[in-house]
1. Mind listing just one residue for me: the one in segment A:126-147 that is in a helix (DSSP H, G or I) and of a type in the set (A, V, I, L, M) and, of those, farthest from B:Asn252 (Cα to Cα)?
2. Can you pull out every residue in segment B:53-68 that is within 11 Å of chain A (Cβ to nearest Cβ) and assigned to a helix (DSSP H, G or I)?
3. One residue is enough: does segment B:132-153 have a residue meeting the conditions of a type in the set (Val, Ile, Thr) and under 23 Å from the mean Cα position of the chain (by Cα)?
4. Can you spot a residue in segment B:93-114 that is more than 10 Å from chain A (Cβ to nearest Cβ), of a type outside the set (A, V, I, L, M) and touching a Gly at 6+ places or on another chain (Cβ under 7 Å)?
5. Looking only at residues in segment B:133-149 that are farther than 24 Å from B:Glu63 by Cβ and charged (D, E, K, R), which one is farthest from the other protein chains (Cβ to nearest Cβ)?
6. Taking the condition within 8 Å of chain B (Cβ to nearest Cβ) and within 54 Å of the chain's Cα centre (by Cα), does A:Val115 pass?
7. What residue, among those in segment A:134-148 that are at the interface with chain B (Cβ under 8 Å from one of its Cβ atoms) and exposed (fewer than 12 other Cβ atoms within 10 Å of the Cβ), is nearest to the chain's Cα centre (by Cα)?
8. Name every residue in segment B:201-229 that is without any contact (Cβ under 8 Å) to a residue 60 or more places away in the chain and in contact with a helix residue (DSSP H, G or I) (Cβ under 6 Å, 6 or more places away or on another chain), in order of residue number.
Amino acid sequence: MEELEIPQPNKTPEIPQNQVVAGSPRKTSPLMEILAGVKERFSSIFSRLTFISPGAKKALSIAVAVLAVLALIAIFVPLIKKLLQKPVEETQEVDTAQLTLTTKKLSRYATESAVLKVETDVQNLDSELNALEVKESKLNPPPLNWDVNFEE
Amino acid sequence: MLLASFFIGLFLPGVVFSQDEELTYERVYQDYTYNFDIYRKANSEYESFRLQFLQYKTLTSQENAKEATVKMLLARDEVVKTYLTALRTKLSGTDGIMDDKRNSLYSQIDAEVLWFADHKDKIPSAGTLDDLVKDSDEAAQYYLEKEFLTYDTLVTISTGKIAFLREKQENTLSEIKAKVAEIRTNGDKDTTTLERWTLDTEARITRSREKELEALELLRDLKGKQGKVNTSIYDQIIFKLSESLQYLKEANGYLKEIVNGIKFED
């Protein structure tokens, strides 16, 4: 005698494989919605392009997708890199010559009148050398007409 | 108060003298540019009346051309005179020139000014256009012969300016060397580096002098064929003198470092 299976009321029913069960609709993310929208747009555009073969259309859509991805990478990678970089502290330029001088101690000759005089002489000489114009441009010989004649 | 008056009295003559010299040069230079302006207008009129005469050959056009030529020749002689005077004044206000050279240039410039003054006096007595052409050719030939003098003076002024500052620099270097020697004797500071730096400075000054000599050697080639001055050689001379000045600037930079070396401890 075969035993009859009595359905148990508390047990959840087993769903056989390949059987589709209607349930509450899944929530799609906004990104997916945008992508779906873009896909739909593209497919509608492509469907209008009747003069292009389906194979070419596929290749074209792949090329467009690749280009879009590359564009996004080009935009976001430097942006992310910049965000990840630590802010560099601004360093003030320091005159090294001044630094070495100021950190050094003055010698006993620093205040000697002879040394101070020589220092002033060197500074004055510097101004004179920089102001010197070798060529007397204002005194270039005047351009004069020396060819006076009444011949044709 | 008395002390202040003494010091003012001590320095004032020098200041007044140099200002006077500068004023004199400025005035003479203005005189030259003013006369050059008159000449430019006169030359333009001469060109215009010359063309009219060549076109119409009338007595009126001939008379107009003659008048315009006289005006132009007079103005041209005056430009040469005032230009040479400006050049001479600049020469007299420039230090660092040997007396022999200065006096030689003075006498040559004075002679040229005198020549153009005489020539200018002769111009109005010319009776025909041909006479005026002869007068002009005479002046042209003389000016060409003396063109070298102009450039020689210009080179001398440029050389003098550099030589004057080099002499000052050498004096300062001597003072620095004496101070370094004194420090060495005291023995409270290592002077090895300072002594080496003074030698480097001396080498720069020597290079400056060598460049000046190279420039002066080129002066011989300045007079080209038929006495005409080769202006490209003049440019080369100025370039050599600029190099000479550059060495002095470098030497002065070294002097600054030596002074700092003296002022600070090792």
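1. In the first step, residues of segment A:126-147 are kept if they are in a helix (DSSP H, G or I); the result is A:126-131, A:137-139.
The next check asks that each one be of a type in the set (A, V, I, L, M); those that pass are A:129, A:131, A:139.
On the way: A:Leu129: 9, A:Ala131: 14, A:Leu139: 29 Å.
Restricting to residues being in a helix (DSSP H, G or I) and of a type in the set (A, V, I, L, M), the top hit is A:Leu139.
2. Answer for segment B:53-68, where residues must be within 11 Å of chain A (Cβ to nearest Cβ) and assigned to a helix (DSSP H, G or I): B:Phe53, B:Leu54, B:Gln55, B:Ser61, B:Gln62, B:Ala65, B:Lys66, B:Ala68.
3. Among the residues of segment B:132-153, at least one is of a type in the set (Val, Ile, Thr) and under 23 Å from the mean Cα position of the chain (by Cα), which makes the answer yes.
4. Yes, segment B:93-114 contains at least one residue that is more than 10 Å from chain A (Cβ to nearest Cβ), of a type outside the set (A, V, I, L, M) and touching a Gly at 6+ places or on another chain (Cβ under 7 Å).
5. That would be B:Glu145.
6. So A:Val115 does not fit the description; no.
7. A:Lys138
8. Answer for segment B:201-229, where residues must be without any contact (Cβ under 8 Å) to a residue 60 or more places away in the chain and in contact with a helix residue (DSSP H, G or I) (Cβ under 6 Å, 6 or more places away or on another chain): B:Thr201, B:Arg204, B:Ile205, B:Arg207, B:Ser208, B:Lys211, B:Glu212, B:Glu214, B:Leu218, B:Asp221.
The values are calculated or read from the model by the stated rules, or taken from the named source; none is laboratory data. Worth saying up front: this structure is predicted, and the values here are computed from it rather than measured. Quick reminder, even Gly has a Cβ in these numbers, built from the backbone with ideal geometry, and neighbours come from all protein chains shown.
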